[in-house]
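Written out below as structure tokens is the structure these notes cover.
The values are calculated or read from the model by the stated rules, or taken from the named source; none is laboratory data. What you see is a predicted model; the values in this text were computed from it and never measured. Methodologically, a virtual Cβ is constructed for each residue, glycine included, from the backbone with ideal geometry; neighbour enumeration extends over all protein chains shown. What goes into the accessible areas is simple: the full protein's heavy atoms, side chains included, and nothing from ligands, DNA or RNA. Shrake-Rupley method; radii C 1.70, N 1.55, O 1.52, S 1.80 Å.
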Amino acid sequence: MRDPRLDKLADVIVNYSAAVKQGQIVRISGPAIASPLIVALYRKVVAAGGHPLVRMSPDELSEIFLKSADEQQLKFVNPIARHEIETIDVSIGIWADENTKALSNVDPKRMGASQAARKPIMDVFMKRAAEGSLKWSGTQYPCQASAQDAEMSLAEYEDFVFGAGLLNEPDPVAAWQAVSKKQQRLADLLNEHTGAGRGDYHVVAANGTDVRLSVAGKKWINCDGHENFPDGEVFTGPVIESVNGHIHFSFPAVYHGREVQDVRLTFKDGKVIDASAGKGEDYLFSMLDMDAGSRFLGECAIGTNYQITRYTKNTLFDEKIGGTVHFALGAGYPETGNNNQSGLHWDMVVDLRQGGRIEIDGVEVSVNGKFPREGFPGL
């Protein structure tokens, strides 16, 4: 029996997040395991007057390619894939896995080479998204593998996913619009501090994190369910060469199914000059050395979704936890003013709830994971 909440999720994604319009070409991509949601999205896109294009592939294909492709194949930029990104109006991506550890034994250097080869396609995607000519939205399909990673039953994980997306509310769109207003107050406060001579952003956490960077001339953006879904963050990109200090990430950092634990990074003038990890250090260094931009930050953000309270080994949710911050190594989002270029974009999270603060130009923004101002997220 199909879960009726999938239809509700599809409706919100198509009609609110992506806001599909008549005549638009809408790519729906995801693994075969997510076919119930793909079907629901397809139905909603047709009802909205869009032209759906489905890209559904088995999980095994990535493993086959990364283990078996020769060097030329790994570095090949598929012109059809690029043309697709240049042509579609909307991209709806679905994340789900039959086995989240399927790529654990792939050579990290081969994975890095493949990611670097996709950079021209990623650049087109980011540029069009920043210009507004390509709308995109991504969401999680509740599946056994992700539930297992989160240490939940499938039923518990379904409740977690749909609850984080406010799909239990009578009117989820109205609920997200209310969230948007609170987050916009935070974004407005931060954007008041991005003028000339301002924008000193400082994060300190009880775990030893102490990092300072500049957001002068950058733009803080309110993420209210239009791209990632569920959402709940306010983000920008730093002045690339301004990052200095130490970041100790609170949770294992997961990228393409590979888990790296106890990540510590030291920055000087924007660049990672020292790094360590308790587990997966070789993989961490392979990603840091992917290309010229992979040792620099493309994003800094504040998690504002207080419906999400626990770590699940899934970046879509973990970076949104209310009371956290996250930083992304690699590619920046041009719409923020950060133009760092890389085939990498790896979000890692610092938890401030056990002690920490965010300041901008000496003004307290968050203390111990909570915003002290009325009408802000979480209040």
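Of note:
- Matching option when the condition is at pLDDT below 95, among the basic types (Lys, Arg), surrounded by fewer than 15 Cβ atoms within 10 Å (Cβ to Cβ) and closer than 24 Å to Asp289 by Cβ, among Lys119, Lys101: Lys101
- Qualifying residue in the range 130-138 (condition: surrounded by fewer than 17 Cβ atoms within 10 Å (Cβ to Cβ) and in a helix (DSSP H, G or I)): yes
- Residue match in the range 82-98 (condition: in a helix (DSSP H, G or I) and small (Gly, Ala, Ser)): no
- Among the residues of the range 264-311, the ones that are out of contact with any helix residue (DSSP H, G or I) (no Cβ under 8 Å at 6 or more places or on another chain), assigned to a loop (DSSP other than H, G, I, E, B) and open to solvent by 40 Å² or more (accessible area, probe 1.4 Å) come to 5 in all.
- Matching option when the condition is buried (at least 24 other Cβ atoms within 10 Å of the Cβ) and within 30 Å of Val14 (Cα to Cα), among Pro238, Pro230: Pro230
- Here His51 clears all of (1) within 24 Å of the chain's Cα centre (by Cα); (2) surrounded by fewer than 17 Cβ atoms within 10 Å (Cβ to Cβ) except the condition numbered (1).
- Cross-chain or 6+ apart pairs with Cβ under 8 Å, the range 283-309 first and farther than 16 Å from Met122 by Cα and acidic (Asp, Glu), then part of a loop (DSSP other than H, G, I, E, B) and modelled with pLDDT of 95 or more: Asp289/Arg295
- Residue in the range 176-188 that is under 30 Å from Leu6 (Cα atoms), in a helix (DSSP H, G or I), of a type in the set (Gly, Ala, Ser) and open to solvent by 40 Å² or more (accessible area, probe 1.4 Å) present: yes
- The set of residues in the range 153-175 being crowded, with 16+ Cβ neighbours inside 10 Å, of a type outside the set (A, V, I, L, M) and not in a helix (DSSP H, G or I) consists of Gly165 alone.
- Residue match in the range 244-261 (condition: modelled with pLDDT of 95 or more, open to solvent by 30 Å² or more (accessible area, probe 1.4 Å) and within 23 Å of Glu192 (Cα to Cα)): yes
- Any chance Asn207 is open to solvent by 20 Å² or more (accessible area, probe 1.4 Å), touching a residue at least 12 places away in the same chain (Cβ under 8 Å), part of a loop (DSSP other than H, G, I, E, B) and of a type in the set (S, T, N, Q): yes
- Filtered residues of the range 1-40 (kept if under 22 Å from Leu166 (Cβ atoms), over 21 Å from the mean Cα position of the chain (by Cα) and open to solvent by less than 50 Å² (accessible area, probe 1.4 Å)): Asp3, Leu6, Asp7, Val20, Pro36, Ala40
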